[in-house]
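Data block below; observations after.
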Amino acid sequence: MGADKKNYFKFSLAIFLCLIVRLIPFRAPNVEPILATMMPFSKAYGAYFGFSFAVLSILIYDIVTGTLGTQTFFTVGAYGILGLWSASYFSAKGGSASGGKGSAGDYVRFAILGTLFFDAFTGLTVGPIFFHQSFIQSLIGQIPFTALHLMGNIIFALILSPAIYENLIKTCLPAGRKRETFLRSPINILNPKII
């Protein structure tokens, strides 16, 4: 994400806003902007920030609400994989780290694939393993939940993801500098000497 403090502030602000949305009472289950917010960050800044955003969003919510449990680790694992996959997906599509431009359609396609993966990974494992549901019960119960989850993620990916990328991420780049050179940090995290 670069060494610029505004970037970390915007990253933290996005996690905080996702937390606030998830804390809204009586909202439909899994209609939340985590995936739609994670995609532009992983597109611009890569796998580390996609993974970090996904994992932190889930962990902070579960800690704040006191619901930290076994299901948290399945959810964190699934969202962590989505964060890594998102960076790879958008890099292959010419993500901003490589100077390419994506479209709202790219966000929607990934939202569909990511939602189906996430719901299959979490919904079809946690119930049978920990709550002794049959696989068929979990599958049938997952259908309306996944339909609602898909609808929310598609709408957020279509509207929110491009807006976040254009207004929150692109605006933090200094004028006249190429994205590739700006994103390259002068200090390597694994070997913190000046390069």
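The values are calculated or read from the model by the stated rules, or taken from the named source; none is laboratory data. If you're wondering where the values come from, they're calculated on a predicted model, not measured in any experiment. Positions of Cβ are backbone-derived with ideal geometry, glycine not excepted, and every protein chain shown enters the neighbour counts.
Odds and ends about this structure:
- Only one of 61, 79 that is crowded, with 20+ Cβ neighbours inside 10 Å, more than 12 Å from the chain's Cα centre (by Cα), modelled with pLDDT of 95 or more and assigned to a helix (DSSP H, G or I): 61
- Segment 47-66: number of residues that are touching a helix residue (DSSP H, G or I) at 6+ places or on another chain (Cβ under 8 Å), closer than 18 Å to residue 23 by Cα and of a type outside the set (D, E, K, R): 10
- Screening 160, 168, 139 for residues that are surrounded by 14 or more Cβ atoms within 10 Å (Cβ to Cβ), modelled with pLDDT under 85 and out of contact with any strand residue (DSSP E or B) (no Cβ under 9 Å at 6 or more places or on another chain) leaves exactly one candidate, 168.
- Test: residue in segment 29-41 that is free of Cβ contacts under 8 Å to residues at least 40 places away in the same chain and not in a helix (DSSP H, G or I): no
- Candidates 129, 159: the one that is closer than 27 Å to residue 73 by Cβ, in a helix (DSSP H, G or I) and of a type in the set (Val, Ile, Thr) is 129.
- The condition (being surrounded by fewer than 24 Cβ atoms within 10 Å (Cβ to Cβ) and closer than 18 Å to residue 168 by Cα) is satisfied by just one residue among 103, 91, 42: 103.
- Residue check for residue 136: of a type in the set (Val, Ile, Thr) and under 15 Å from the mean Cα position of the chain (by Cα): no
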